[in-house]
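Accompanying notes for the structure given below.
The values are calculated or read from the model by the stated rules, or taken from the named source; none is laboratory data. Owing to the predicted nature of the structure, the values given are computational and were not obtained by experimental measurement. Note that we place each Cβ from the backbone using ideal geometry, even for glycine, and neighbour counts take in every protein chain shown.
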Amino acid sequence: MRIWDLPAGYLNRQSLLGEHRELHGIRIILSEGKAGYAQHPETRRWQGALSGLAQRHALLAAEMRLRGYADRTPVPCGSTVRWPTTFVTEPGEQVTLLRRKYLGREPGRISLPRNAQQLWAQHKYSVLARSPVLHRRFGQDLARPRSRVSLGDVLRDLVLILREPPSSGGLVTAIEHMWGHVRTRATADERNQAKTGAPEMLALTQSLALRLREPYLTASTALSELAAFRDAGQPRRAC
């Protein structure tokens, strides 16, 4: 029984759909006082953080939609989000667990990172949507090929950063940067449609990235997770 703290793009099909089922199970246990796995460490850490569990559901649902799966079990959430203050397993160790689990099996949409530089490339647009300042800082610290920062420490920081909602301007900026990767290969109609708003631009970016197999975007956490906040004028926690 596990709710991963890593971006959902790292999960393969079985893990993604499996976590979705287990999340609903934990939510029922906590919201309805069911016994079941009530004393399981994973269940206990979400006590008092049902809003965070709802937001995790939104992120799973966004990744599911990107892969062509429909989420028919929406989870309501409020205006604020409270996340657990602890991890059952540290994010860096979660990568190790998935690497062992996926040995010889189907991988996730995003390759499990081998170093901090690859990790940063996968997260840069997600961070840009939250804070240009953090985006510059991480870029300067991690873009150097010989940087020896710990992947586990950086991943923990990134997991916590991505729990924050994007700002309105940051969301639009990140989507526009992503659109730049596929814009020149879009049709005239698609370019015109992208001008109608950030939600449309993100949807087109997702479609084109998958169709063209654009390597940078298909390995980006932002390709799915920003869709949980894609009402660009008023970022929301879409559950």
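Points worth noting:
- Some residue of segment 82-93 being assigned to a helix (DSSP H, G or I), among the acidic types (D, E) and buried (at least 18 other Cβ atoms within 10 Å of the Cβ): no
- Remark: pairs (first residue in segment 68-81, aromatic (F, W, Y); second residue surrounded by 12 or more Cβ atoms within 10 Å (Cβ to Cβ); Cβ separation under 9 Å; 6+ apart in sequence or on different chains) = Y69/R13; Y69/L16; Y69/L17; Y69/H20; Y69/A61; Y69/E63.
- Considering segment 114-132, the residues that are in a helix (DSSP H, G or I) and among the hydroxyl-bearing types (S, T, Y) include one that is nearest to the chain's Cα centre (by Cα), namely S126.
- Search result, residues across segment 94-113 that are outside any helix (DSSP H, G or I) and touching a residue at least 24 places away in the same chain (Cβ under 8 Å): Y102, R105, E106, P107, G108, R109, I110, S111, L112, P113
- Verdict on L23 being farther than 30 Å from L210 by Cα and part of a helix (DSSP H, G or I): no
- Residue that is farthest from F87 (Cα to Cα), among those in segment 17-29 that are in contact (Cβ under 8 Å) with a residue 12 or more places away in the chain and of a type in the set (V, I, T): I29
- When each of V95, V88, V133 is tested for being farther than 27 Å from E19 by Cα, modelled with pLDDT of 95 or more and of a type in the set (A, V, I, L, M), the lone residue that passes is V133.
- Among the criteria (1) surrounded by 15 or more Cβ atoms within 10 Å (Cβ to Cβ); (2) under 22 Å from R67 (Cα atoms); (3) hydrophobic (A, V, I, L, M, F, W, C), the one L212 does not fulfil is (1).
- Matching residues, segment 204-230, being free of Cβ contacts under 8 Å to residues at least 24 places away in the same chain and either under 21 Å from P7 (Cα atoms) or not in a helix (DSSP H, G or I) (or both): S207, R213, P215
- Residue within segment 116-127 that is farther than 26 Å from G169 by Cα and basic (K, R) present: no
- Residue check, S79 closer than 22 Å to R2 by Cα, assigned to a loop (DSSP other than H, G, I, E, B) and not hydrophobic (A, V, I, L, M, F, W, C): no
- Test: residue in segment 52-74 that is polar (S, T, N, Q) and within 13 Å of I3 (Cβ to Cβ): yes
- Selection status of R136, surrounded by fewer than 19 Cβ atoms within 10 Å (Cβ to Cβ) and in contact (Cβ under 8 Å) with a residue 12 or more places away in the chain: no
- For segment 37-55, a residue qualifies if it is over 15 Å from T86 (Cα atoms) and buried (at least 17 other Cβ atoms within 10 Å of the Cβ), and the qualifying residues are S51, A54, Q55.
- Of the residues making up segment 100-133, those that are closer than 27 Å to R45 by Cα, surrounded by 15 or more Cβ atoms within 10 Å (Cβ to Cβ) and out of contact with any His (no Cβ under 7 Å at 6 or more places or on another chain) are Y102, G108, I110, L112, P113, L119, H123, S126, R130.
- Residues of segment 141-165 that are at pLDDT below 90, surrounded by fewer than 17 Cβ atoms within 10 Å (Cβ to Cβ) and in a helix (DSSP H, G or I): D141 alone.
- Residues that are part of a helix (DSSP H, G or I) and without any contact (Cβ under 8 Å) to a residue 24 or more places away in the chain, drawn from segment 30-49: L30, S31, E32, R44
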